[in-house]
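Inspection log for the structure reproduced underneath, given as structure tokens.
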């Protein structure tokens, strides 16, 4: 069984825009962070559960590719896909898509930004990355189909 696509919707708020009237570059990273944490939560890996098990998700690297602007009042969808390999780190890929204009019209799902992240699962006692992040996350998950 493959991974289900996970996504959240976000409305562009006034304080997220810059002097040019579009979303500030740093805000895209906030959208990615929101999608990542909601993705983990939806899979059953809630912050309280992770804290109780002495774990936390950390970001090791992030990159954003900006493709088209977002404006105040628009609705966007942020997808999230977890990609695990054999190592201690794993990837999360996000697409930020325009769903609706500020007037509520269909925006066609145009991709505004691509975000790529390298993540780790940190053992808060040893302060070291967990050797098998996928297995550890799957062991906690109540919806493993959301995990890559």
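Read-outs: derived from the displayed coordinates by stated rules, not from any lab. In this text, all values refer to a predicted model and were calculated from it rather than measured experimentally. Here Cβ is always computed from backbone atoms with ideal geometry, including for glycine, and neighbour counts include all displayed protein chains.
Details
- Listed from fewest to most Cβ neighbours within 10 Å, the set 123, 103 follows the order 103, 123.
- By the count of neighbouring beta-carbon atoms within 10 Å, fewest first, 53, 128 end up ordered 128, 53.
- This structure gives Rg and Dmax of the Cα atoms in Å, computed directly, and of (1) 14.7, 42; (2) 16.3, 51; (3) 19.7, 73 that value is listed as (2).
- Cα-based helix-to-principal-axis angle, 25-42 vs the chain, degrees rounded to 10: 50 degrees
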